[in-house]
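*Asks:* Got a structure for you, questions after.
Bear in mind that the values in this text are calculations on the coordinates, not laboratory data. Computed from a prediction, not measured in an experiment: that's the story for all the values here.
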Amino acid sequence: MYEDTVPPRQRRTDARRNRVKVLTAATDLYAARGLEVSLNEIARHAKVGIATLQRNFPQREDLVAEVFAPRVREYADAAEAAAENPDPWAAFRGYVELVCRMQCEDRGFAAVLNTSFPASAELEAERRRALRGFTRLVRRAKEAGVLRGDFSPHDLPLFLLANAGVVIGTGSNAAKASRRLTAFFLQSCALVDSEPLPAGPPARSLLRTLDPPLPPTPQ
């Protein structure tokens, strides 16, 4: 049957169904294997043609942004929810531990947290919301005298980049390795008698370094 003989309503239904199939396949493959999965492999997993995938998502960044928009919203929501904890250190620690668990559960998300999406206003807005929420957690913990004074909210992306490397590099041991790394990180953040940390690069420079554009992958 030629496409122009298919009723418009059926074409719309088929298009919606194919879009869901692509998103489901991409969600599963990105979570299990990270962002390096090719579009051809996603199309095969979804049982659609590559042309169908690219008709729905002309750029790979479009697909990645739509797949991870709910996770990035969850990331931002968690920062705001943590502020409701009356214990400033428990709020700070709990948020860091939660985000690290989210990275362990989804290798694609582990990479997304350190990738910029200039074409997706929604994702960038949620990332900024998460940073504002975390900044409030940092300020409260410092005011309570439980977080070292030279800690910067921009130190979190540094740690998440390290944790993403651990998650990707340790395979089946990722959860245990991440928990240990997180514990080391949190102990280093707690206010103790220690030498001050060396100065880091300017925040804007650091964010540009940690937020490269999404790299291309083979079709």
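*Asks:* In vacuo Debye scattering of the stretch 58-123, one point per C-alpha: log10 I(q)/I(0) at q = 0.11, 0.15, 0.26 Å⁻¹?
*Replies:* One equal scatterer on each Cα of the stretch 58-123 leads to -0.30, -0.52, -1.12.
*Asks:* If you take the square roots of the eigenvalues of the alpha-carbon gyration tensor of the stretch 100-149 and sort them as a ≥ b ≥ c, do you get rounded (a/c under 1.5), prolate (a/b over b/c) or oblate? List each step's numbers first, then the result.
*Replies:* Details: a/c = 3.56, a/b = 1.66, b/c = 2.14.
Oblate.
*Asks:* May I pose another question? Which whole-number percent gives the relative contact order of the stretch 28-118, counting Cα pairs below 8 Å spaced six or more residues apart?
*Replies:* Numbers: 56 pairs, mean separation 40.7, N = 91.
Dividing the mean separation by the residue count of the stretch 28-118 yields 45 percent.
*Asks:* Which whole-Hz ³J(HN,Hα) couplings does the stretch 65-77 yield from phi under the Karplus relation 6.51 cos²θ - 1.76 cosθ + 1.60, θ = phi - 60°, glycine and proline marked x?
*Replies:* Working through the residues one at a time gives 4, 6, 4, 9, 4, x, 5, 6, 5, 4, 4, 6, 4 Hz.
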